[in-house]
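A.B. asks: Starting off with a structure, shown below.
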Amino acid sequence: MATVTTLRMPGEDKKRSPSRHSITIEKREHVNVLGVTDVISFDEETVIGETEMGVIIIRGVNLHVNRINLESGELSVSGEIDGVAYENSSAGKKSFMGRLFR
């Protein structure tokens, strides 16, 4: 089981409530993400969500969203997981949503 634990953005205000963001991948069959603020889209090959750390993209085959709880920030996906990546947003580049709807 691979786990990435709590990550914080550099310069994040310490007075805010602690950021709770983690990703757990179990046997490339299950992905659990904490810190999800929105789910942008999902189908059998891709799940795209907004997290406290940016846009996350989960790719695979026969993906199934088992649980979405935006109040607690939880997302659970099962299937054949091929990859998990973050969408980088840099100054001067179009945002993920901007490129998605061009």
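A.B. asks: Just a yes or no: is a residue in region 28-38 assigned to a strand (DSSP E or B), surrounded by fewer than 15 Cβ atoms within 10 Å (Cβ to Cβ) and at pLDDT 85 or above?
C.D. replies: The first filter runs over region 28-38 and keeps only residues assigned to a strand (DSSP E or B), leaving 30-34, 36-38.
Right, trim to surrounded by fewer than 15 Cβ atoms within 10 Å (Cβ to Cβ) and you get 37-38.
Next cut, at pLDDT 85 or above only: 37-38.
There is at least one residue in region 28-38 that is assigned to a strand (DSSP E or B), surrounded by fewer than 15 Cβ atoms within 10 Å (Cβ to Cβ) and at pLDDT 85 or above.
A.B. asks: Look at GLU71 and say whether it is at pLDDT 60 or above, open to solvent by 90 Å² or more (accessible area, probe 1.4 Å) and assigned to a loop (DSSP other than H, G, I, E, B). Break it down stepwise before answering.
C.D. replies: Values: at pLDDT 60 or above: yes; open to solvent by 90 Å² or more (accessible area, probe 1.4 Å): yes; assigned to a loop (DSSP other than H, G, I, E, B): yes.
Yes, satisfied.
So that you can scan it fast, the table gives a plain yes or no per residue for (1) modelled with pLDDT of 95 or more; (2) surrounded by 13 or more Cβ atoms within 10 Å (Cβ to Cβ); (3) in a strand (DSSP E or B); (4) in contact with a Phe, Trp or Tyr (Cβ under 8 Å, 6 or more places away or on another chain):
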{"site": "PRO10", "(1), (2), (3), (4)": "no, no, no, no"}
{"site": "SER19", "(1), (2), (3), (4)": "no, yes, no, no"}
{"site": "ARG59", "(1), (2), (3), (4)": "yes, yes, yes, no"}
{"site": "LEU63", "(1), (2), (3), (4)": "yes, yes, yes, yes"}
{"site": "GLY79", "(1), (2), (3), (4)": "yes, yes, yes, no"}
{"site": "LYS93", "(1), (2), (3), (4)": "no, no, no, no"}
{"site": "ARG102", "(1), (2), (3), (4)": "no, no, no, no"}
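A.B. asks: Just for region 81-90: of the residues that are at pLDDT below 95 and over 12 Å from the mean Cα position of the chain (by Cα), which one is most open to solvent (accessible area, probe 1.4 Å)?
C.D. replies: ASN88
The values are calculated or read from the model by the stated rules, or taken from the named source; none is laboratory data. Keep in mind that what you see is a predicted model, and the values were worked out from it rather than measured. Every residue, glycine as well, gets a Cβ built from its backbone with ideal geometry; the counts of neighbours run over all protein chains shown. Just so you know, the surface numbers come from the protein's heavy atoms only, side chains and all, with ligands and any DNA or RNA stripped out. Shrake-Rupley method; radii C 1.70, N 1.55, O 1.52, S 1.80 Å.
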